[in-house]
Amino acid sequence: MIKKITTLPGDGIGPEIVESGKAVLQVIADLYGHQFEFQEGLIGGAAIDATGVPLPDETIERCQSSDACLLGAVGGPKWDQQPPHLRPEKGLLAIRQALNLYANLRPVQALDALIEESTLKPEVVSGVDVLIVRELTGGIYFGEPRERRTIDGEEGVVDTLVYKKSEIERLLHRAFQFAEIRGKHVTSVDKANVLESSRMWRECANEVATHYPSVTLEHMLVDNAAMQLIRQPKQFDVLVTENLFGDILSDEASMITGSLGMLPSASLNGTAFGLYEPVHGSAPDIAGLNQANPLATIASTAMLLRYSFGLLEEADCIEQAINQVLLKGYRTADLTNANAISTEEMTKAVIKEIKVAIHS
Ligand code: NAD
Ligand code: IPM
Ligand code: MN
């Protein structure tokens, strides 16, 4: 199979972890006889420094002309004082919008090997397998107006939450479709006791649910959901929610796995194309130190192979290799206080497991 992959390293630990992901993809290509052609694109602070804008047109074109993208992370203190349209994060939001990547999958799996690393009790996290389906191209992230303005004679500010019904429905369909092939339960998370957008969300969920008779639907208010994720995460199968709620709940849920450095994601637009990235950010506090956990990015490459290329065996192979290295006790600093290994060492350990698995 010949495929084009655009890598978008970005800022902070982005270049280090994308290097890891690329190395894993290259090994998969070599061992399974595929040809992955890599090209790189500028995004975020790196793009601002090189071109003056967080998402150059050339980057969009490179992504559009490839079969999948692998992104590291964007942002950092260097660019925090930039005006809104020239912030690194704007580049990420803009690429999601330009490529219509409305469905963001954030699987949260408690691996047996990491049960002790979670800050939650083993019996609470053991066996957790939640798929968070986050709306990614609408809501308060994109609504207009968004501005500082005078309100009642004093300094004020406006952000706007906008959804079209069709945007809510298409995302809910994806969530139900995943539930059909998983645990057949959807928890739709909203704030319907306060927000009109959430009341429409709830109506849409009820309507979409009628198309999936084998799947049960439950509505949950977001404040309760934040609590339930910590109290009893095993009650969730597919958790579907709007953009901002999904952002916050996925960082929270990551601690079930032991570290934010473990959570991968896929951003999809309904075609085979996808953009894959770890859920975490650019971790400026450890950037350039070869300390970052590359497993969220490596797990994102497995999602890339599965969802964009249909390479299920190869995807499984990567996930099993991750499991194996963790079972053998390899830990980056985010997962242990003692004997931490580096980003590069962890990447090499995963690659070694992939090779062992294929040659055995
Ligand atoms: P962050 O996710 O970058 O870091 C939060 C904490 O988790 C830090 O202590 C960091 O060291 C740790 N961490 C994150 N990923 C890790 C990994 N792979 N291995 C080990 N430790 C890891 O969130 P933040 O500090 O709130 O944000 C920093 C910057 O990242 C900001 O500019 C923010 O806008 C940006 N950000 C970008 C993305 C993205 O590109 N998708 C996501 C979130 C935040
Ligand atoms: C994420 C990040 C982004 C988001 C930021 C950096 C724009 O937090 O991918 O989770 O809020 O979507
Ligand atoms: Mn986030």
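The values are calculated or read from the model by the stated rules, or taken from the named source; none is laboratory data. Computed from a prediction, not measured in an experiment: that's the story for all the values here. A quick note on method: Cβ atoms are made from the backbone with ideal geometry, for glycine too, and the neighbour counts reach across all protein chains shown. Remember, those area values only see protein heavy atoms, side chains included, never the ligands or the DNA or RNA. Shrake-Rupley method; radii C 1.70, N 1.55, O 1.52, S 1.80 Å.
For Glu319, state whether it is at pLDDT 95 or above, under 22 Å from the mean Cα position of the chain (by Cα) and among the acidic types (Asp, Glu).
Details: at pLDDT 95 or above: yes; under 22 Å from the mean Cα position of the chain (by Cα): yes; among the acidic types (Asp, Glu): yes.
Yes.
Of all residues in region 85-144, which are basic (Lys, Arg) and within 16 Å of ligand 1 (Cβ to nearest atom)?
Here is the first cut: in region 85-144, the ones basic (Lys, Arg) are 87, 90, 96, 106, 121, 134.
Hits for region 85-144 are Arg87, Lys90, Arg96, Arg106, Arg134.
Residues in region 6-27 that are among the small types (Gly, Ala, Ser), within 15 Å of Glu345 (Cα to Cα) and either open to solvent by less than 10 Å² (accessible area, probe 1.4 Å) or within 16 Å of ligand 3 (Cβ to nearest atom) (or both): 2 in all.
Residue-by-condition table, conditions (1) outside any helix (DSSP H, G or I); (2) open to solvent by 60 Å² or more (accessible area, probe 1.4 Å); (3) touching a strand residue (DSSP E or B) at 6+ places or on another chain (Cβ under 7 Å):
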| residue | (1), (2), (3) |
| --- | --- |
| Leu92 | no, no, no |
| Leu101 | yes, no, yes |
| Asn104 | yes, no, yes |
| Ile115 | no, no, no |
| Ile140 | yes, no, yes |
| Arg148 | yes, yes, yes |
| Arg170 | no, yes, no |
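If the condition is being assigned to a helix (DSSP H, G or I) and either crowded, with 24+ Cβ neighbours inside 10 Å or free of Cβ contacts under 8 Å to residues at least 40 places away in the same chain (or both), then region 282-299 contributes Asp285, Leu295, Ala296, Thr297, Ile298, Ala299. Note on region 225-241: among residues that are closer than 22 Å to Asn104 by Cβ and among the polar types (S, T, N, Q), the one that is surrounded by the most Cβ atoms within 10 Å (Cβ to Cβ) is Thr241.
Scanning region 69-78 for residues that are surrounded by 21 or more Cβ atoms within 10 Å (Cβ to Cβ) and either free of Cβ contacts under 8 Å to residues at least 24 places away in the same chain or in a helix (DSSP H, G or I) (or both) yields a count of 0.
Kindly indicate whether Met262 is farther than 20 Å from Ser118 by Cα, open to solvent by less than 30 Å² (accessible area, probe 1.4 Å) and either within 16 Å of ligand 2 (Cβ to nearest atom) or modelled with pLDDT under 95 (or both). So Met262 fails the test. Can you work out which of the residues in region 117-138 that are assigned to a strand (DSSP E or B) and not hydrophobic (A, V, I, L, M, F, W, C) is nearest to the chain's Cα centre (by Cα)? Here the residue is Arg134. Within region 211-258, the set of residues being in a helix (DSSP H, G or I) and touching a His at 6+ places or on another chain (Cβ under 7 Å) is empty. With respect to the conditions (1) closer than 27 Å to Val325 by Cβ; (2) in contact with a Lys or Arg (Cβ under 8 Å, 6 or more places away or on another chain); (3) open to solvent by less than 10 Å² (accessible area, probe 1.4 Å), Val279 lacks only one, and its number is (3). Scoring Gln324 on the criteria (1) within 16 Å of ligand 2 (Cβ to nearest atom); (2) surrounded by fewer than 24 Cβ atoms within 10 Å (Cβ to Cβ) leaves a single failure, condition (1). Of all residue pairs spaced 6 or more apart or on separate chains, those with beta-carbon atoms under 6 Å, a first member in region 234-262 that is farther than 16 Å from Val133 by Cβ and a second member that is open to solvent by less than 10 Å² (accessible area, probe 1.4 Å) and within 11 Å of ligand 3 (Cβ to nearest atom) are Leu260/Ser254.
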